[in-house]
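First comes the structure, then the notes that go with it.
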């Protein structure tokens, strides 16, 4: 990655004691801690989840439903469901952000088409150029999933440095656009613009490989 | 990217790119969501829910667990050093002494309805009073020590278990404390579990957390007693309100006032594992040994975690 890296911090800093540490030191509070707090019944955690991901879920719901009222209903359903059954999120399998997005899209599509998750998945996969998605339930599926990941990584490596940087922060780092912008010292608009360009290029780069895999 | 996450690589990429659609939600939506959420599950109630059990049941389960461990020990295991100047057999002797003290305290409380406050001071020293029984095990066959402990533990259960007599609200004086029998049984459960793990460490066996129902009783009581622990180390003078979030099955969320006379917004939030927290309360780990995410007043957090260690009996 080009250029010196700035220290990355999420909006809320916390402190964690560690076995190897003699002093308390700041670290980032990850999704895993947030999900564990939700499961423990910490109502402040659901407020923090909404603060962090509410605009993402709302925006996605608005785009799918095209309705302010329906989007609000979707957002409420998604976050109330998160509070009701936080154990459904497995932070070791994926980010809370992606989990919430998938839930939002399922519910939004359900509202619009009454064909819930199947349609949502079709919709999402359509946005990703109808890539064949492997199953992880068997060895063959796992191998195919690993290959998919390698292809995605290779495509990301081919991006121009400034686009690769924002994709890596947003994709691997799980950061929102505003967090990416703050980390890189650029405006939110610039961060969004670079991500759009990166997405467009990724679609072009990945199309042949995905067609071959399919 | 690890293999575990690779399966979801495309979903993650899609989630990251969805940020492009983010829009500020309308004012008041967050509050409406919080209100609706709390109607579904009240604050402080863990998910998934853990079946509730009585303190008698928790003590019974822990007695069974400890009994099973002792039954699995070989001759070499019984000779292993565990705690203070005690080997495993000596530690079990100490516990025989504790059972006898407990039974005597319950008998005294039954006679007068509830132990007088003065009885707590007269209850003696937890370790010193049981040392003769611990020392008396030396040279005895280990199986005899095991059988004696099992017999006296079962006698304790018979004393408290039949028809719930005396009531779990009856105040009992033991180990310098005067507490309702229900709380005391949870402390006894705690004590047996801590010593079970002592023996497991000494004999190189894997540690065994209590079942979630038992752990729930332990975390509830430990967080309730936290202010006393902080006072014990002189840390309550500059007090405040703290939010304690214990994660994993058997955990929960509590607001604890440390030396604060009035309710106030929490000055610190401590998030740590329920089992780790109980080991801290048993003084088997120190604050810097556990993974804890702390937000807010670090000084108060330090006093609370050290105060938790001060709740340990031995």
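If we count other beta carbons within 10 Å of each Cβ, what is the order of B:135, B:218, B:177, fewest first?
Ascending Cβ contact count within 10 Å gives the list B:135, B:177, B:218.
Over the C-alpha atoms of region B:225-314, what are the Rg and the largest Cα-to-Cα span, Dmax, in Å?
When restricted to Cα atoms, region B:225-314 yields Rg and Dmax of 11.9, 34 Å.
Cut-off is 10 Å between beta-carbons; in what order do A:83, B:254 appear when sorted fewest neighbours first?
With the fewest neighbours first, A:83, B:254 line up as B:254, A:83.
If you average the alpha carbon positions of region B:271-314 and of region B:28-69, how far apart do those two centres end up, in angstrom?
21 Å
Which residue fluctuates the most in chain B, going by a Gaussian network model with Cα springs under 10 Å, if the choices are B:287, B:27, B:141?
Of B:287, B:27, B:141, the Gaussian network model singles out B:27 as fluctuating most.
Please report the spacing between the Cα centers of region A:70-96 and region B:85-110 in Å, no decimals.
Computed from Cα coordinates, the inter-centre distance equals 50 Å.
Spin-label point model (7 Å from Cα, Cβ direction): what's the residue B:232 to residue A:93 distance in nm?
Between residue B:232 and residue A:93, the simple spin-label model gives 4.2 nm.
With every atom except the alpha carbons ignored, what do you get for Rg and Dmax of region A:53-102, in angstroms?
11.1, 34
Can you compute log10 of I(q)/I(0) for region B:168-220 with the Debye formula, treating each Cα as one identical point scatterer, at q = 0.17, 0.26, 0.31 Å⁻¹?
Cα-only, vacuum Debye calculation for region B:168-220: -0.60, -0.97, -1.13.
I want to verify a result. In a Gaussian network model of chain B, Cα cutoff 10 Å, which of these has the top mean-square fluctuation: B:33, B:199, B:270?
B:33
Would you mind ranking A:58, A:199, A:53 so that the residue whose beta carbon has the fewest other beta carbons within 10 Å leads the list?
Going from sparsest to densest Cβ surroundings: A:199, A:58, A:53.
Give the calculated FRET efficiency between residue B:54 and residue B:75 to the nearest 0.05, with a Förster radius of 41 Å applied to their Cβ-Cβ distance.
0.65
Could you pull out which residues in region A:47-78 have an amide N less than 14 Å from a spot 7 Å beyond the Cα of residue B:39, following the Cα-Cβ vector?
Counting only backbone N, you get A:73, A:76-77.
What would the Debye formula give as log10 I(q)/I(0) at q = 0.11, 0.16 Å⁻¹ for the alpha-carbon point model of chain B, no solvent?
Values, matching the q order: -0.79, -1.41.
In chain B, what percentage of the DSSP-assigned beta bridges are antiparallel, given to the nearest 5?
75 percent
Which of rounded, prolate or oblate describes region B:159-252 when judged by the alpha-carbon gyration tensor and an a/c cut-off of 1.5?
oblate
Choose one answer from B:212, B:51, B:180: the residue with the largest mean-square fluctuation in a GNM of chain B with alpha-carbon springs under 10 Å.
B:51
Bear in mind these aren't lab numbers, they're just calculated from the coordinates by the rules spelled out. Only a predicted model underlies this, so the values are computations on that prediction, with no experimental measurement involved. Cβ coordinates were reconstructed from backbone atoms using ideal geometry, including for glycine residues, and neighbour counts include every protein chain displayed.
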